[in-house]
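What follows is one structure encoded as structure tokens, with my remarks underneath.
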Amino acid sequence: GLLMALDVPQERGLGHLDQRYLDGLDVCRFPLLPFLQPLPLDWMYLLYTIMFLGALGIMLGCCYRLSCVAFLCPYWYLLLLDKTSWNNHSYLYGLLGFQLALLGADRYGSVDGLFRPRKRNAHVPLWNYALLRAQVFIVYFIAGLKKLDADWVGGFSMGPLARHWLFAPFRLVLSEELTSRLVVHGGGLVLDLSAGFLLFFDATRPLALVFVTYFHCMNSQLFSIGMFSYTMLATNGLFCRPEWPRGLLARCPPWLRGWLPSTEPPQPSPDCHYGGRGGLRLRQHLAAAFTILYVLEQLFLPYSHFITQGYNNWTNGLYGYSWDMMVHSRFHQHVKITYRDGLTGEVGYLKPGAFTQSRRWRDHADMLKQYSACLSRLLPRYNVTKPQIYFDVWVSINERFQQRLVDPRVDLVCAPWSPWTPTPWLLPLLVDLSPWRQQLQELEAQLDGHTDAVFIADFPGLYLENFVSEDLGNTSLRVLRGKVLVELVEQQQNHSLQEGEGMQLPAGQYHKVHTVSPEPSCYMYLYVNTTALQLEQNLTRLRELRERVRNGTEQSPLPPELRPILGDPPPAGVPLDPVVSLFLRREQREQRRERESSLAQRLRRFLRRKFFLFRRRSVPT
């Protein structure tokens with residue numbers, strides 16, 4: 001990117017940070033509760049084994065209650081241990097595990113039913129179905145309500161998604177912009193709002209199953225969201241009539257039915273109430289009350305952020321229990337971590353993400369506070385006394401300007417933070433500049449294929465320090481709103497720019513852009529990667545030269561160092577030109593891609609990606 005973070009540790013042995021992290025000596029973690037700490041590695045492997053056996057027991061209905069506890073306790077421990085792994089999907093799995101521990105999900109086709117006749121093929125209380133259906137309904141419906149956000153309705157949340165090949169059929173009749181607004185955003189909003197209702201009623205369920213299945217199959221290809229799409233596909237069966245598995249098994253051949261669960265009508269269960277003379281028991285009253293309270297709690301939690309205000313940032317709360325899935329997309333342009341020695345005043349810089357593999361901390365004030373506290377404990381081991389930690393995080397949310405998330409002048413080690421009050425050092429999202437997004441898109445559309453733009457908004461009294469790489473030989477700055485002062489550090493020159501004015505920036509030098517207007521300033525960088533442009537031009541010339549040689553229109557003989565582009569071996573003693581080497585590698589990749597374009601090869605690559613995704617999520621970090 002254009003904005004260059006000072007990411008090379010320069011001060012007093014800090015170049016060893018990555019190795020010490022890999023050795024597991026110095027690690028920063030982000031638990032929800034401060035007292036939660038990971039167990040020793042061998043015990044963590046044991047914990048994963050117990051959780052796996054618990055999930056296996058739930059699936060088989062073997063020692064069902066014990067299996068639920070064996071899965072549920074380690075799962076919530078691991079979930080609360082690391083906030084950076086939180087999302088709506090992992091939270092949903094924890095909720096479903098909690099519900100299954102209370103339900104009678106071991107009555108049909110279970111191992112427990114083989115040894116306990118009272119459970120075998122027995123009725124399940126209706127509140128069991130109501131609880132699970134209500135949970136899935138809430139996931140859909142609250143997600144739809146959150147998509148009523150102006151950014152989603154305006155088509156700014158998932159704009160680039162319309163370019164995906166899955167939407168190619170829609171682009172045959174609609175423009176990319178209309179595909180994004182009507183299909184991606186409009187279709188997602190309508191489906192989430194209506195899916196729960198359509199699944200609930202018998203008359204609309206077949207139609208709902210078609211659209212919901214198509215929706216989740218698309219999501220499995222669009223996003224890296226693990227098993228969530230397949231989990232939601234599995235929940236479709238909850239809305240069908242309870243006897244549908246028996247009807248399905250009854251269609252199996254007679255020789256196979258002996259090995260399958262019974263297709264006979266279920267036997268009465270003492271947990272159910274059948275009306276008549278007997279009244280409701282206390283256990284059934286408690287079950288009904290729990291179901292009502294649980295549903296009300298799940299409806300309240302996504303809107304409870306006025307209580308835990310310390311976790312609110314530009315979006316409300318931790319990304320996990322709000323069901324605001326895909327409503328906000330972020331792009332980070334620049335992250336800088338500065339430390340100052342509290343004794344000597346010496347300043348140094350850390351590589352963003354030092355001591356941790358996660359990047360989620362960049363978007364959350366509570367995690368930035370935890371990260372700064374961790375760095376203040378670790379840096380004294382590297383001869384930094386009483387370190388002060390400053391973060392400069394630039395991020396764009398839903399195609400807005402790049403702007404700062406937190407005040408870079410505040411030492412976060414000493415900065416206050418509370419889960420119950422707003423964070424004072426969090427800078428506000430400049431929502432007044434949201435109407436500029438349409439103009440920014442129009443400006444980008446006017447650029448040629450070799451020019452890129454970065455749009456910046458900054459607060460009065462702050463400045464952006466930037467370095468223009470030598471490769472970006474043609475870089476300029478243009479003011480869109482407000483007034484800025486451009487300081488060329490090496491040349492010791494200052495240039496004042498107002499709205500509509502611009503200037504060329506020297507490559508290979510630092511500069512600072514100070515916002516001097518009383519309101520936030522907006523400006524844009526326009527830059528051309530001249531090195532990459534020259535390389536592409538050279539590759540194009542080689543491709544054209546090869547075509548002329550092959551069709552006989554090239555009159556002059558080909559130099560020996562260029563003969564490899566025709567498939568000839570390089571001459572002995574003559575080193576291969578780097579541009580020719582890159583040209584040959586590109587040709588090999590294109591040929592390999594063509595060879596692997598068969599259906600079998602695409603299927604193999606798909607399964608391989610899913611395997612590595614599953615393995616990455618299964619291995620503890």
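Tell me the accessible surface of E544 in square angstrom (1.4 angstrom probe, heavy atoms of protein chains only), to the nearest ten.
90
How much length, in nm to one decimal, is gained on full extension between A289 and L33, taken as 0.36 nm per residue of separation minus their Cα-Cα distance?
Values: separation 256, 0.36 × 256 = 92.16 nm, distance 2.99 nm.
Answer, rounded to one decimal: 89.2 nm.
Return the long-range amide H neighbours of V406 (sequence gap of 5 or more, or a different chain), with a cut-off of under 5 Å between placed amide H atoms.
Here V393, L427 satisfy the definition.
Looking at the range 435-530, what % of the alpha carbon pairs are farther apart than 21 Å?
Numbers: 1393 of 4560 pairs.
Considering the range 435-530, 31 percent of its Cα-Cα pairs are separated by more than 21 Å.
Quick one: grab the alpha carbon gyration tensor of the range 329-429, order the square roots of its eigenvalues as a ≥ b ≥ c, and give me rounded if a/c is under 1.5, else prolate or oblate depending on whether a/b is larger than b/c.
Details: a/c = 1.90, a/b = 1.56, b/c = 1.22.
It is prolate, given that a/c is not under 1.5 and a/b is the larger ratio.
Of the options T315, G186, L350, report the single residue whose Cα projects farthest towards the positive end of the charge dipole of the chain (beta-carbon charges: Lys, Arg +1; Asp, Glu -1).
The residue sitting farthest along the positive end of the dipole is G186.
Determine how large the accessible area of C62 is when every protein chain is in place; take a 1.4 Å probe and give Å² rounded to the nearest 10.
Per-residue accessible area (C62): approximately 50 Å².
Roughly how many percent of the accessible protein surface of the range 262-416 is carbon and sulfur, given a 1.4 Å probe and a whole-percent answer? It would help to have the intermediate numbers written out before the result.
Values: 4080 of 7080 Å².
The computed percentage sits at 58.
Going by Cβ distance under 4.7 Å, what cysteines of the chain have no possible disulfide partner?
Among the cysteines of the chain, those whose Cβ sits 4.7 Å or more from every other are C62, C63, C68, C73, C217, C240, C252, C272, C414, C522.
Starting from the amide H of A415, placed 1.01 Å from N in the peptide plane, find each other amide H under 5 Å away whose residue is 5 or more places distant or on another chain.
Answer set, sorted by chain and number: none.
All other residues with a Cβ under 13 Å from the Cβ of S434 taken together, and with Lys, Arg as +1 and Asp, Glu as -1, what is their net charge? Before the final figure, lay out the partial values.
Numbers: positive: R400, R437; negative: D149, D151, E399, D432.
So the surrounding residues net to -2.
Calculate one ³J(HN,Hα) per residue across the range 99-108 by plugging θ = phi - 60° into the Karplus curve 6.51 cos²θ - 1.76 cosθ + 1.60, and present them in order as whole Hz with x for glycine and proline.
Ordered by residue, 3J(HN,Hα) equals 5, 4, 5, 9, 9, x, 8, 10, 9, 9 Hz.
When only the heavy atoms of the protein chains count and the probe is 1.4 Å, how do L148, L79 rank by accessible area, highest first? Each step should come with its number before you reach the end.
Numbers: L148 95, L79 10 Å².
Reading off the accessible areas and sorting them downward yields L148, L79.
Under 5 Å between amide H atoms, partner at least 5 residues away or on a different chain: which partners does K483 have, H built in plane at 1.01 Å?
V516, S517
Nothing charged except the Cβ atoms of Lys and Arg (+1) and of Asp and Glu (-1): what's the magnitude of the dipole of the chain about its Cα centre? Round to the nearest 20 debye. Kindly include the intermediate steps, with their values, before the conclusion.
Working: 64 positive and 53 negative charges, 633 e Å.
Using only the charged Cβ atoms, the result is roughly 3040 debye.
Express the relative contact order of the range 92-148 as a whole percentage, based on alpha carbon pairs under 8 Å and six or more residues apart in sequence. Write out the running numbers ahead of the final one.
On the way: 31 pairs, mean separation 14.6, N = 57.
Relative contact order of the range 92-148: 26 percent.
Per residue of the range 414-423, in order, report the coupling 6.51 cos²θ - 1.76 cosθ + 1.60 (Karplus, θ = phi - 60°) as ³J(HN,Hα) in whole Hz, putting x for Gly and Pro.
9, 5, x, 7, 9, x, 9, 10, x, 7
In the neighborhood of F35, defined by Cβ-to-Cβ distances under 15 Å, what is the net charge if each Lys or Arg adds +1 and each Asp or Glu adds -1?
Working: positive: R29, K83; negative: D82.
Residues near F35 contribute +1 overall.
Which sequence of I50, I397 reflects their accessible areas, 1.4 Å probe, from the largest down?
Values: I50 65, I397 5 Å².
The most accessible residue leads, giving I50, I397.
Counting Lys and Arg as +1 and Asp and Glu as -1, what is the net charge of the other residues whose Cβ lies under 10 Å from the Cβ of A162? Walk me through the intermediate numbers first.
Values: positive: R163, R171, R181; negative: E176, E177.
For residues surrounding A162, the net value is +1.
Give a quick list of trypsin sites (Lys or Arg not before Pro) in the range 340-424 that DSSP marks as loop, anything other than H, G, I, E or B, with at most 11 other Cβ atoms within 10 Å.
Values: sites: R340, R359, R360, R362, K369, R377, R381, R400, R404, R409; in loops: R359, R400, R409.
Answer by residue number: R409.
Normalised by the residues of the range 441-541, what does the relative contact order come to in percent, with Cα pairs under 8 Å and at least six apart?
Details: 221 pairs, mean separation 40.7, N = 101.
Here the relative contact order equals 40 percent.
Let me check something: with ligands and nucleic acids excluded, how do R205, R543 order by accessible area (1.4 Å probe), largest to smallest?
Values: R205 25, R543 80 Å².
Solvent-accessible surface, decreasing: R543, R205.
At 1.4 Å probe size, what's the solvent-accessible area of F459? Round to the nearest 10 Å².
Result for F459: roughly 30 Å² accessible.
Short version: ³J(HN,Hα) in whole Hz for each residue of the range 437-448, in order, from phi by Karplus 6.51 cos²θ - 1.76 cosθ + 1.60 (θ = phi - 60°), x for Gly and Pro, what are they?
Taking θ as phi minus 60°, the curve returns 4, 5, 5, 5, 5, 5, 5, 5, 5, 7, 7, 7 Hz for the range 437-448.
Provide, as a two-decimal number, the C-alpha radius of gyration of the chain over 2.2 N^0.38 Å, N being how many residues it has.
For the chain, the normalised Cα radius of gyration is 1.18.
The values are calculated or read from the model by the stated rules, or taken from the named source; none is laboratory data. Note that the structure is a prediction, hence the values are computed from the model and not measured. No Cβ is skipped: glycine too gets one built from the backbone with ideal geometry, and neighbour counts run over all protein chains shown. For accessibility, only protein heavy atoms count, side chains too; no ligands or nucleic acids. Shrake-Rupley method; radii C 1.70, N 1.55, O 1.52, S 1.80 Å.
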